[in-house]
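The values are calculated or read from the model by the stated rules, or taken from the named source; none is laboratory data. Remember, predicted model here, so these are calculated numbers, not experimental data. Cβ coordinates were reconstructed from backbone atoms using ideal geometry, including for glycine residues, and neighbour counts include every protein chain displayed.
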Amino acid sequence: MRTLVAGIGNIFNRDDGFGVEVAQRLVTRPQPDDVRVEDYGIRGVHLALELLEGYDLLVLVDAMACGEPPGTVVVVEPRVDGEAAPPLDAHRMDPRSVLAMVTEMGGEVGRVLVVGCEPADLDDGLGLSPTVAAAVDAAVGVVEDLIAERNSSCSVA
């Protein structure tokens, strides 16, 4: 089961760089051979092209407003059903646009999960807010748990 963990977000908008930071931490940790971890930032076309290689599970890591207190880490399984998506934008990444592009190019993505963190500050600037920075290790643990669950749910015949 091939898995792609994609950190996404814009590091120049404070907490929007959450996914990038999580991916950078995960890259330094050992992962199973069938797991690829990458910091995609706002490079939606690059993510779409990578997804054409075929993945059974895509874990997106991003700042995500859910109405929770800042720093709250959540796991969401979004509906991916070919709904109309906005065109790709070179200055930000909309995962719906990326997934639509993959479909338009004849690719398929298996299950999609989002590990999100409620942002505290999305203003211009570098560096995560203290509250969101404190949630990075928790998100790393959540992603690693998702990978472990994926591996434990596979049976060998």
Checklist line | Number of the exception - Pro119 against (1) in contact with a strand residue (DSSP E or B) (Cβ under 6 Å, 6 or more places away or on another chain); (2) modelled with pLDDT of 95 or more; (3) outside any loop (DSSP other than H, G, I, E, B) | finding: (3)
Notebook entry, point to check: Which numbered condition trips up Pro30, out of (1) closer than 30 Å to Asp123 by Cα; (2) without any contact (Cβ under 8 Å) to a residue 40 or more places away in the chain?
Noted result: (1)
Item checked: Total residues in the range 140-152, condition among the polar types (S, T, N, Q) and loosely packed, with under 12 Cβ neighbours inside 10 Å -> 1
Check: Restricting attention to the range 123-139, which residues are surrounded by fewer than 16 Cβ atoms within 10 Å (Cβ to Cβ) and part of a loop (DSSP other than H, G, I, E, B)?
Finding: Asp123, Asp124, Leu126, Gly127, Ala134
Next item on the list: Among residues belonging to the range 6-15 that are touching a residue at least 60 places away in the same chain (Cβ under 8 Å) and within 12 Å of the chain's Cα centre (by Cα), point out the one that is nearest to Val142 (Cα to Cα).
Entry: Ile8
Next item on the list: Scan the range 5-22 for residues that are aliphatic (A, V, I, L, M) and either on the phi > 0 side of the Ramachandran plot or surrounded by fewer than 24 Cβ atoms within 10 Å (Cβ to Cβ) (or both) and jot them down.
Entry: Ile11, Val20
Next item on the list: Sort out which residues of the range 71-82 are in contact with a strand residue (DSSP E or B) (Cβ under 7 Å, 6 or more places away or on another chain) and either part of a strand (DSSP E or B) or free of Cβ contacts under 8 Å to residues at least 12 places away in the same chain (or both), and write them in order of number.
Entry: Val73, Val74, Val75, Val76
Checklist line | Of all residues making up the range 83-99, the number that are closer than 21 Å to Asn10 by Cβ, at pLDDT below 85 and out of contact with any strand residue (DSSP E or B) (no Cβ under 8 Å at 6 or more places or on another chain) | finding: 10
Next item on the list: Identify the residue in the range 43-81 that is touching a helix residue (DSSP H, G or I) at 6+ places or on another chain (Cβ under 6 Å) and either of a type in the set (Phe, Trp, Tyr) or farther than 23 Å from Met1 by Cβ (or both) and, among all such residues, is modelled with the lowest pLDDT.
Entry: Gly44
